[in-house]
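Below: the structure, in structure tokens.
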Ligand SMILES: C[S@@+](CC[C@H](N)C(=O)[O-])C[C@H]1O[C@@H](n2cnc3c(N)ncnc32)[C@H](O)[C@@H]1O
């Protein structure tokens, strides 16, 4: 399957539009069903089992974070490993609920949300992050802009984790069946578009800046997902 990037409906809906609210609820369920919390936690543990990461708060940035609830679920797991963090949730839309902010605070994790375009932020104001992650986000961009996004991210972090749609026949079939889970029309459309724009093989590694300072790995994860990790050598 050739990679095809097309617009997703959710990206252009106002945050309060009931179709957008419904679709973000669908995303919460789909992240759970696809096991993204576990996939990202295993990747984090494989690459972050160092005392340094526990000795001080991590600077943690999520790109295209949406409502922040996926990172909140990760925070609950990672806090149990002894990790604390200063979190930045970056998304074009500010859809982080007060309850989500309170839940981060209850873990003693600070959180700020930044509502802007990812390129503007990475180019101009983003601070350095220990860990940067992206979930169901990188597939929005065609290869040339994705290569630029990854180049900017590589200049701002030591560890980059991503969990994206897998571009495979099985994932494509699954994306056509989301009506059975009660997903709304926006989600049903965007899911098919997302799989066609998703990743396979070592496509993300090929777009990551070629540099001996970095080690990359990527693989199929779960039934429908694709996990990518880039780690800067110590
Ligand atoms: C499919 S949603 C995933 C949200 C979240 N990561 C999750 O798993 O629920 C993609 C998100 O990317 C955001 N987005 C799309 N293009 C963006 C851009 N150029 N800059 C920042 N955010 C963007 C959208 O607003 C949306 O919240």
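If you check every pair at least six apart or on different chains, which have Cβ atoms under 8 Å apart with a residue in segment 101-130 that is over 29 Å from residue 12 (Cβ atoms) first and a residue that is part of a helix (DSSP H, G or I) and within 15 Å of the ligand (Cβ to nearest atom) second?
107/75; 109/75
So for segment 120-128 (the condition being away from the ligand (no atom under 15 Å from the Cβ) and either loosely packed, with under 13 Cβ neighbours inside 10 Å or under 17 Å from the mean Cα position of the chain (by Cα) (or both)), does at least one residue qualify? Working first, answer last.
Initially, segment 120-128 is screened for residues away from the ligand (no atom under 15 Å from the Cβ), giving 127-128.
So of that shortlist, the ones also either loosely packed, with under 13 Cβ neighbours inside 10 Å or under 17 Å from the mean Cα position of the chain (by Cα) (or both) come out as 127-128.
Yes.
Among the listed residues 94, 67, which satisfies the condition of being in a loop (DSSP other than H, G, I, E, B), within 16 Å of the ligand (Cβ to nearest atom), surrounded by fewer than 17 Cβ atoms within 10 Å (Cβ to Cβ) and touching a residue at least 40 places away in the same chain (Cβ under 8 Å)? Quick ask: steps written out before the conclusion?
Details: 67 fails: surrounded by fewer than 17 Cβ atoms within 10 Å (Cβ to Cβ).
Selected residue: 94, the only one of 94, 67 that is in a loop (DSSP other than H, G, I, E, B), within 16 Å of the ligand (Cβ to nearest atom), surrounded by fewer than 17 Cβ atoms within 10 Å (Cβ to Cβ) and touching a residue at least 40 places away in the same chain (Cβ under 8 Å).
Which residue, of 42, 28, is within 17 Å of the chain's Cα centre (by Cα), closer than 20 Å to residue 221 by Cβ and in contact (Cβ under 8 Å) with a residue 24 or more places away in the chain? Even if it seems obvious, please write down each step before you answer.
Working: 42 fails: in contact (Cβ under 8 Å) with a residue 24 or more places away in the chain.
None of the others qualify; the one that does is 28.
Could you tell me how many of the residues in segment 141-151 are within 12 Å of the ligand (Cβ to nearest atom) and within 18 Å of residue 61 (Cα to Cα)?
3
Just need a number here: residues in segment 212-234 that are farther than 16 Å from residue 1 by Cα, in a loop (DSSP other than H, G, I, E, B) and either touching a helix residue (DSSP H, G or I) at 6+ places or on another chain (Cβ under 6 Å) or modelled with pLDDT of 95 or more (or both). Steps first, please.
Of all residues in segment 212-234, those farther than 16 Å from residue 1 by Cα come to 212-219, 221-223, 227-234.
Still in the running and in a loop (DSSP other than H, G, I, E, B): 212-213, 222-223, 233-234.
Filter once more, so that each one left must be either touching a helix residue (DSSP H, G or I) at 6+ places or on another chain (Cβ under 6 Å) or modelled with pLDDT of 95 or more (or both): 222-223.
Matching residues across segment 212-234 total 2.
Identify, by number, the condition in (1) in contact with a strand residue (DSSP E or B) (Cβ under 6 Å, 6 or more places away or on another chain); (2) crowded, with 20+ Cβ neighbours inside 10 Å that residue 74 doesn't meet.
(1)
Do we have any residue at all in segment 88-102 that's closer than 16 Å to residue 59 by Cβ and touching a helix residue (DSSP H, G or I) at 6+ places or on another chain (Cβ under 7 Å)?
Residues of segment 88-102 closer than 16 Å to residue 59 by Cβ: 88-90.
So of that shortlist, the ones also touching a helix residue (DSSP H, G or I) at 6+ places or on another chain (Cβ under 7 Å) come out as 89-90.
Yes, segment 88-102 contains at least one residue that is closer than 16 Å to residue 59 by Cβ and touching a helix residue (DSSP H, G or I) at 6+ places or on another chain (Cβ under 7 Å).
Here are some residues: 110, 168. Which one is more than 16 Å from the ligand (Cβ to nearest atom), at negative phi, crowded, with 19+ Cβ neighbours inside 10 Å and over 18 Å from the mean Cα position of the chain (by Cα)?
Working: 110 fails: crowded, with 19+ Cβ neighbours inside 10 Å.
The match here is 168.
Could you please find all residues in segment 1-25 being touching a residue at least 12 places away in the same chain (Cβ under 8 Å), more than 11 Å from the ligand (Cβ to nearest atom) and part of a helix (DSSP H, G or I)?
Within segment 1-25, the first condition is being touching a residue at least 12 places away in the same chain (Cβ under 8 Å), and the residues that meet it are 1, 3-11, 13, 15, 19-20, 22-24.
Checking which are more than 11 Å from the ligand (Cβ to nearest atom) leaves us with 1, 3-6, 19, 22.
Once the filter is applied, which keeps residues that are touching a residue at least 12 places away in the same chain (Cβ under 8 Å), more than 11 Å from the ligand (Cβ to nearest atom) and part of a helix (DSSP H, G or I), segment 1-25 yields 19, 22.
The values are calculated or read from the model by the stated rules, or taken from the named source; none is laboratory data. Remember, it's a predicted structure, so these values are computed and weren't measured experimentally. In this analysis, Cβ positions are derived from the backbone assuming ideal geometry, glycine residues included, and neighbour counts consider all displayed protein chains.
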